[in-house]
Amino acid sequence: MQFLNTVITGTGSYIPSRRIDNNQFTKQVFFDKDHSPIESTGEEVVRKFRDITGIAERRWVNEDQTTSHIASIAAQRAIESAGIDPEQIDQIIVAHNFGDVIQGTTQTDMLPSIASRVKHNLKIKNPECIPYDLIFGCPGWLQGIIQADSYIRTHNARCCLVIGAETLSRVVDTYDRDTMIFSDGAGAAILQGIESNKKQGILSHAMVNHSQEEAFYLYFGKSNHPESDPGTRYIKMDGRKVYEYAISQVPAAMKIALDRSEVQAKDIKKVLLHQANEKMDEAIVKRFYRLFGLRPVMSDVMPMNISELGNSSVATIPTLYDMIIKQQLNHHRIEKGDLLLFASVGAGMNINAIVYKQ
């Protein structure tokens with residue numbers, strides 16, 4: 001029996017070289033959402049932030065870089081990794097949330113789309129290579145993978161390029177402590193349809209959305225500074241509600257994906273979770289395994305790079321995956337035949353999960 005499998009045949013990423021250490025925020029004046037000043041010293045604010053999130057530093061792009069620029073770099077590296085002719089690509093799906101934002105502004109630019117800019121930068125001439133953007137919060141890259149899988153399985157595409165790229169440093173409020181969470185980066189993957197007598201690649205997926213009060217746990221709002229211009233807005237979030245939502249809803253979505261795959265939880269080699277908050281991610285994975293009565297060693301099953309790279313939204317999972325594939329992350333390795341579970345949660349609120357056989 002032959003199966004048409006959707007397989008990741010190449011990966012690439014771009015991690016900015018500009019390091020922003022936590023110590024660079026110790027002199028910053030922060031305000032709460034009610035515009036009242038935070039009385040704690042800068043050192044105490046930074047220490048508490050590190051304890052809660054696990055983030056020690058993050059990467060921000062240089063002044064002359066934009067989302068489409070770093071997306072194109074990651075895409076080129078994925079193409080080279082897959083060893084394909086870019087003219088073979090049927091679809092370019094770019095997940096992001098804010099488009100290109102020029103240094104010194106907070107105005108988003110998505111005309112033309114980021115995907116069209118990437119196709120232009122890659123010099124792809126094929127008119128049947130269709131580029132489009134995907135706005136789905138932090139789970140955007142995984143959603144792009146799910147869509148590419150659907151196109152490949154229905155024979156509407158043979159090869160897809162899926163990119164997650166973000167420059168959140170351009171839309172943060174420097175007077176908000178949450179500024180320290182966000183970072184920049186880009187990750188990409190080439191997916192191809194491969195026929196085999198064994199199942200491999202994407203085995204199953206799950207998608208969940210809650211859009212009542214949950215829809216606005218992440219939003220665009222004015223600065224926390226009391227004298228700020230209300231017409232200029234920045235990325236904002238209710239961190240406590242995001243945390244509570246994620247740890248209660250994400251494990252269930254991961255279980256749905258796993259149940260559909262017929263894979264056993266004990267056989268999962270790695271869980272690649274959106275790098276949002278170290279403690280939150282650990283709580284999600286522990287709760288997931290608890291559903292099956294399992295207690296694995298977290299450091300073995302859950303690779304993390306948030307301490308050095310921060311939260312780059314749609315880029316966290318593809319950059320994490322690329323680092324592991326290229327043996328750039330501690331002791332973590334992924335071998336052929338390994339079973340992986342990808343999962344993410346973010347604005348909307350959206351959740352998705354994928355079971356993947358390497």
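The values are calculated or read from the model by the stated rules, or taken from the named source; none is laboratory data. Bear in mind that the values here come from a model prediction, so they are computed numbers and not experimental data. Quick reminder, even Gly has a Cβ in these numbers, built from the backbone with ideal geometry, and neighbours come from all protein chains shown.
Here are some residues: 104, 99. Which one is among the small types (Gly, Ala, Ser) and within 19 Å of the chain's Cα centre (by Cα)? Before the answer, list the steps.
On the way: 104 fails: within 19 Å of the chain's Cα centre (by Cα).
Just a single option satisfies the conditions, and that option is 99.
Looking only at residues in segment 194-213 that are at pLDDT below 95 and not in a loop (DSSP other than H, G, I, E, B), which one is surrounded by the most Cβ atoms within 10 Å (Cβ to Cβ)?
Going through the qualifying residues, I end up with 194.
Tell me, please, whether a residue that is farther than 14 Å from residue 353 by Cα and either part of a helix (DSSP H, G or I) or free of Cβ contacts under 8 Å to residues at least 60 places away in the same chain (or both) can be found in segment 252-263.
Within segment 252-263, one or more residues are farther than 14 Å from residue 353 by Cα and either part of a helix (DSSP H, G or I) or free of Cβ contacts under 8 Å to residues at least 60 places away in the same chain (or both).
Take the residues in segment 264-279 that are touching a residue at least 60 places away in the same chain (Cβ under 8 Å) and assigned to a loop (DSSP other than H, G, I, E, B), then tell me which one is surrounded by the most Cβ atoms within 10 Å (Cβ to Cβ). Please lay out each step first, then the result.
In the first step, residues of segment 264-279 are kept if they are touching a residue at least 60 places away in the same chain (Cβ under 8 Å); the result is 267-274, 276-279.
Adding the requirement that they be assigned to a loop (DSSP other than H, G, I, E, B) leaves 274, 276-277.
Values: 274: 31, 276: 24, 277: 21.
Across segment 264-279, the extreme among qualifying residues is 274.
Looking only at segment 86-135, which residues are surrounded by 21 or more Cβ atoms within 10 Å (Cβ to Cβ), farther than 27 Å from residue 234 by Cβ and charged (D, E, K, R)?
Result: 119, single match.
May I ask you to list the residues in segment 140-190 that are among the aromatic types (Phe, Trp, Tyr) and part of a helix (DSSP H, G or I)?
Of all residues in segment 140-190, those among the aromatic types (Phe, Trp, Tyr) come to 141, 151, 175, 182.
The answer is 141, 151.
For segment 214-251, how many residues are farther than 30 Å from residue 153 by Cβ, in a helix (DSSP H, G or I) and not aromatic (Phe, Trp, Tyr)?
Here is the first cut: in segment 214-251, the residues farther than 30 Å from residue 153 by Cβ are 214-245, 247-248.
From what's left, in a helix (DSSP H, G or I): 214-216, 239-245, 247-248.
Restricting the remaining residues to those that are not aromatic (Phe, Trp, Tyr) gives 214-215, 239-242, 244, 247-248.
Number of matching residues: 9.
Every residue, every condition in (1) within 18 Å of the chain's Cα centre (by Cα); (2) over 24 Å from residue 77 (Cα atoms); (3) crowded, with 18+ Cβ neighbours inside 10 Å, yes or no:
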{"site": "246", "(1), (2), (3)": "yes, yes, yes"}
{"site": "260", "(1), (2), (3)": "no, yes, no"}
{"site": "281", "(1), (2), (3)": "yes, yes, yes"}
{"site": "287", "(1), (2), (3)": "no, yes, no"}
{"site": "322", "(1), (2), (3)": "yes, no, yes"}
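What tally of residues in segment 50-66 results from selecting those that are free of Cβ contacts under 8 Å to residues at least 60 places away in the same chain and part of a loop (DSSP other than H, G, I, E, B)?
If we filter segment 50-66 for residues that are free of Cβ contacts under 8 Å to residues at least 60 places away in the same chain, which is where we start, we get 50-51, 62-64.
If we keep only those that are part of a loop (DSSP other than H, G, I, E, B) too, we end up with 62-64.
Final tally of qualifying residues: 3.
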